[in-house]
Structure formats: C-alpha cells, structure tokens
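These notes concern the structure reproduced below.
The values are calculated or read from the model by the stated rules, or taken from the named source; none is laboratory data. These figures come from a predicted structure and were not determined experimentally. Cβ placement follows ideal geometry from the backbone for every residue including glycine, while neighbour counts extend to all protein chains displayed.
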Amino acid sequence: PAVRTYTVHESDDLVAKCNVFYGKWIPDESYPLYNASQCPFAERGFDCVVNGRRDRGYQKWRWQPKNCEIPRFNVQEILGKLHGKRIVFVGDSLSRTQWESMICLLMQGVQDKRNVYEINGNKITKRIRFLGVYFSSYNLRVDFYRSVFLVQPGSAPRHAPKRVKSTVKLDKLDDMSKEWIDSDFLIFNSGHWWTPTKLFDIAVYASFSPCCSNIVTKYRTARTAGRSLKLGMGIASAFRTALETWVSWVESSVNRNRTRVFFRTFESSHW
C-alpha cells in the first residue's frame, strides 16, 4: 500500500534531524542494559546464556546512526514519562520478543519487582494470544496481542476445496482489534507469516466478506457460504491487501491525537 508519512514536530530536534535507520552496529562494553537471565518476562528459549552460550560478546553491541546520537535508555526518565500510560504491541514472535525486551528494560528502574506482574497470572508462551504486564507503581500497562496476520483468521468455509484448511479474511482486521484502541502507543509488525512455508504448508487461503467480493473478480474464486475464497492470489498481493486494511483501520478507528502508531518493518533474517 501507499506509505503515509506524518510531519514530525519541529520541537523534537532529535527525531527531525536524525535518520536512525542509517548507521551501523558498534561495540559498547557498557551493554547489555539488562540481564535476561534475571528478567522473569524473558522467554527461557531466547536466553542464550542459560541455554549454554559461553561468549558474551554478542550482548555488547549498540546501534549507532551515522550522523547523530541516540540517547542512552534512561529508565527512570522513561518510566516517569510513561506514568499512567498503556503500550500495546501487536504482531508475531518478533513483536512478542520486543515486548519482552521493553518490559525487562523498564523493570531495571523498579525497586520492588513484585510490583510488576502479568495481569492474569499467565506464563510467557508463544501460543497465548494476549499477555499484559502491569507496573503498579507507575500505573503503566504493557500489553502484547498475538496477531500474526493482523487481519482476521478463520476456519475453512463449508464446501471449500479440500486443500483449504483455514483462511485469512483480508478485508477484516483481527477480532481483537477493538482491544488495541484504548492505548497511548501502538506498535505493529507483520510479515514473517506471509511466506509459502507459513501459508501453504498449513493450507491457509485468502477470503473476503460478501460486501467486498468484487475486489477479487480477476482471480479464480470459490463462492462459499456467501464469501469469496481467493484461490489464486499471490502472497505479496495478499500481504499488500492486508496492510491496506490495517491502514484504513488505523485512520478510521485510532485517535491519533492520543495514540502514536508505529509499524515495525520486515527484517531479512528472523533470528
């Protein structure tokens, strides 16, 4: 979809003058900023030290933009600014691990770690669709919603071809999207599930609701229970359509006077 950009306030000199995407990784002996082995919200599967990695050099890198400096993470200052706020991460495992890292970073500024807890008492796993961590001393919520496609997943319609096991409805955002709106920061990602391995091997196909079936007329479709099931759509086209649905939802549903919205771009290597 067309990329929409928004004007950065001139008073924010750092953001206005700094292209943080143009730079390189440099060694920094003062890193890491937290010990993953001591953070209860860091998945054990991603704790390399606990899982036997002996070297520590991989932890001592930080990103350095070419023409500017990124301020060091000042946890007390950030916790103060986030008092009473709600941060929501939405996406796949990349979003979840970013959520975990954010919580571990913020916990460094909390003296009594018992004041930080998952609101439903859930353990951190990759399968659960919602996790919410509350910093009670700061009235701060940091939530994660697992929505790997961002749009609505579903089962195969009645009378669909046998190879169709499930669908993604490209014109409908995930049913959980209503839970994301009441937030101060919304961070999205999607991309790594839009691949042949993730889609075709588990037999996921695109579908549209009745109101929007005219979108798919140039593709071979199967009419199933009032919906158009798109059988010949390329992954790139499906991903683009899903992102167009997401953009429309952001523009129509999110109060951008309150909520700052970010989309994490696709990266070339998963881990």
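Observations on the structure shown:
- Those residues of region 142-189 which are closer than 30 Å to Ile119 by Cβ and without any contact (Cβ under 8 Å) to a residue 12 or more places away in the chain, in sequence order: Lys178
- Exactly one residue out of Tyr31, Tyr117 is surrounded by 15 or more Cβ atoms within 10 Å (Cβ to Cβ), outside any helix (DSSP H, G or I) and aromatic (Phe, Trp, Tyr), and it is Tyr117.
- For region 216-271, a residue qualifies if it is assigned to a strand (DSSP E or B), among the aliphatic types (A, V, I, L, M) and at pLDDT 90 or above, and exactly one does: Val261.
- Residues that are among the aliphatic types (A, V, I, L, M) and over 20 Å from Gln38 (Cα atoms), drawn from region 48-97: Ile70, Ile78, Leu82, Ile87, Val88, Val90, Leu94
- Pairs meeting the criteria (first residue in region 74-87 and assigned to a helix (DSSP H, G or I), second residue polar (S, T, N, Q), beta carbons under 7 Å, at least 6 apart or on different chains) are Val75/Gln108.
- Residue within region 44-59 that is over 25 Å from Tyr138 (Cα atoms), among the polar types (S, T, N, Q) and surrounded by 12 or more Cβ atoms within 10 Å (Cβ to Cβ) present: yes
- Consider region 160-189 and keep the residues that are among the small types (Gly, Ala, Ser) and either in a strand (DSSP E or B) or at pLDDT below 95 (or both). The one that is nearest to Val142 (Cα to Cα) is Ser166.
- Residues satisfying the stated conditions in region 107-134, i.e. under 18 Å from the mean Cα position of the chain (by Cα) and over 20 Å from Asp182 (Cβ atoms): Ile124, Thr125, Lys126, Arg127, Ile128
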